[in-house]
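Undergrad: One structure, pasted below without further comment.
The values are calculated or read from the model by the stated rules, or taken from the named source; none is laboratory data. The shown structure was predicted, so the numbers you read here are calculated from the model rather than taken from an experiment. Here the Cβ positions follow ideal geometry from the backbone for every residue, glycine too, while neighbour counts run over all protein chains shown.
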Amino acid sequence: MVRFILFVALAAVLVSVAYVFSQNPDWTASFEILGYRLSVHLGFLFFGLLIAFWLFGWLYFALRRTMAMPAEMAKNARISRQNRGYKALTHGLVALAAGDPDEADKQARRANELLDTTPATMLLTAQAAQLNGDEEAAARYFDDMTRNDDTAFLGLRGLIMQALARGDRKEVQHLLERARKIQPNAPWILETDYELSLQTGQLEGAQQAVKRLASRRLLSSSDARNRLALTETDLAFQAAEKGAWRQAADHARRAVNDEPSLIPARSLAARAHLELGNLRKAKAQAVEAWRLRPTAGAATSFLRASKPQDIAGKRTAIAELVQANPNALFSQFLRAEAAIESGDLAIARDAVADLPETSASVGVNALKLRLEALEAGGEDRSPTPLDGHSLPLEPQVCANCGTEHTRWRAVCTECGSSGTIGLPTRGA
Ligand SMILES: [Zn+2]
């Protein structure tokens, strides 16, 4: 529209100029060229010059286009090369994700040929080497990357992951130090900090890493609480091993606050309160532990905190404890044992008959022998102490590698995985 208006305006101007010229036929210009005298009407001169300018403009435009052609072609070639390079890069990354080592390698080579060295091509090359099982070549590429400011962080990360896989904690620590200088709060650095601190037993360091992860919303609050509870419980066990029961109780309390269903924290809290003489608290924690999962340790803490004076007192205490988890095998076992020990033959028979046949692991056969002796001789031959029982002490087993541990730990000393140690799963 604007163009049209401009065209109309220009045409109007030209027509009026032509009209003015036509009304004045005497407007002429005279020249003398090479001895000839020329006389031209000014209108011709004006329009002639206009056409000459127009032609010159076109000529100039065409000339410039022709001269710019080679540069243009080179630019197009460069863009096409770059596009093919990015395509190879993309295909390479897809091959990496799909775990196709040959394709990843091929595309990495192509990307390197087509593109200038970029962080992405370097990373692709290193990871393609890794996928091909060539850790040495990958390490070389990662090392090259650490020399360039743009790629140093990525290179360090690659080297750290390699060192972690080798289990070379010293090297990990050294490389982490360098990576921290570049980006102290990168999620994977905090995560590696956490794992490494756990494995080297620096639990306070692990807790700091968890708090930093959580404060940056890199960890859900429930995961953060769970991890803090693991470290607190481990600290509680360490304190308990040294006989520092006050500290053990404090750590266990914090662990239970963070993760109320952590069985070892509950059991240890009961034990620590018992040792400190807080009998009421000891019993309360033992009941909570029993509710989660009955264990020999919780039963011991509860009975010792109850201080029964006679067998009737012991039966009352046991009734109170097993109420928290009445149908559990350990509850049934304790009830049967207490009945045998108090010589209550009818109830003892019922209770023993209720015990599943298949639970040899809890010593049902031994209990049956004691019942037979009671029926034959009128007394229990092997009673337990008033504050004791004959429940078996279960091992703490790593769900990852199957190693049995003498006490609960946050990290398996055998395979290094965290949060995998617990009581064995029970059938009945
Ligand atoms: Zn393990």
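Undergrad: Going residue by residue through region 364-383, is there one that turns out to be at pLDDT 90 or above, hydroxyl-bearing (Ser, Thr, Tyr) and away from the ligand (no atom under 15 Å from the Cβ)?
TA: No: zero hits.
Undergrad: What single numbered condition from (1) in contact (Cβ under 8 Å) with a residue 60 or more places away in the chain; (2) within 16 Å of the ligand (Cβ to nearest atom) fails to hold for Gly388?
TA: So Gly388 meets the others, but not (2).
Undergrad: All but one of (1) surrounded by fewer than 17 Cβ atoms within 10 Å (Cβ to Cβ); (2) assigned to a helix (DSSP H, G or I) hold for Arg157; which doesn't?
TA: (1)
Undergrad: Let me ask something additional. When the residues of region 374-391 are filtered to those that are of a type outside the set (Ser, Thr, Tyr) and under 53 Å from the mean Cα position of the chain (by Cα), which remaining residue is surrounded by the fewest Cβ atoms within 10 Å (Cβ to Cβ)?
TA: Checked region 374-391; the qualifying residue surrounded by the fewest Cβ atoms within 10 Å (Cβ to Cβ) is Pro385.
Undergrad: Okay, next question. Mind listing whichever residues of region 40-70 are among the β-branched types (Val, Ile, Thr) and either surrounded by 10 or more Cβ atoms within 10 Å (Cβ to Cβ) or under 30 Å from Phe21 (Cα atoms) (or both)?
TA: Those that are among the β-branched types (Val, Ile, Thr) and either surrounded by 10 or more Cβ atoms within 10 Å (Cβ to Cβ) or under 30 Å from Phe21 (Cα atoms) (or both): Val40, Ile51.
Undergrad: Just one of (1) closer than 25 Å to Ser342 by Cα; (2) modelled with pLDDT of 95 or more; (3) among the small types (Gly, Ala, Ser) trips up Ala312, so point out which.
TA: (2)
Undergrad: Continuing with the same structure: Evaluate the following for Leu198: is it buried (at least 17 other Cβ atoms within 10 Å of the Cβ), in contact with a strand residue (DSSP E or B) (Cβ under 9 Å, 6 or more places away or on another chain) and not polar (S, T, N, Q)?
TA: Against the criterion (buried (at least 17 other Cβ atoms within 10 Å of the Cβ), in contact with a strand residue (DSSP E or B) (Cβ under 9 Å, 6 or more places away or on another chain) and not polar (S, T, N, Q)), Leu198 qualifies.
Undergrad: List pairs: first in region 406-423 and closer than 17 Å to Asp223 by Cβ and among the aliphatic types (A, V, I, L, M), second assigned to a loop (DSSP other than H, G, I, E, B) and near the ligand (Cβ under 8 Å from one of its atoms), Cβ under 9 Å, 6+ apart or cross-chain?
TA: Val411/Ser417; Val411/Thr420
Undergrad: Taking region 398-428 as the search range and keeping residues that are within 9 Å of the ligand (Cβ to nearest atom) and not in a loop (DSSP other than H, G, I, E, B), which one is surrounded by the fewest Cβ atoms within 10 Å (Cβ to Cβ)?
TA: His405
Undergrad: Val256: in contact with a Lys or Arg (Cβ under 7 Å, 6 or more places away or on another chain), in a helix (DSSP H, G or I), of a type outside the set (Gly, Ala, Ser) and surrounded by 14 or more Cβ atoms within 10 Å (Cβ to Cβ), yes or no?
TA: In short, yes.
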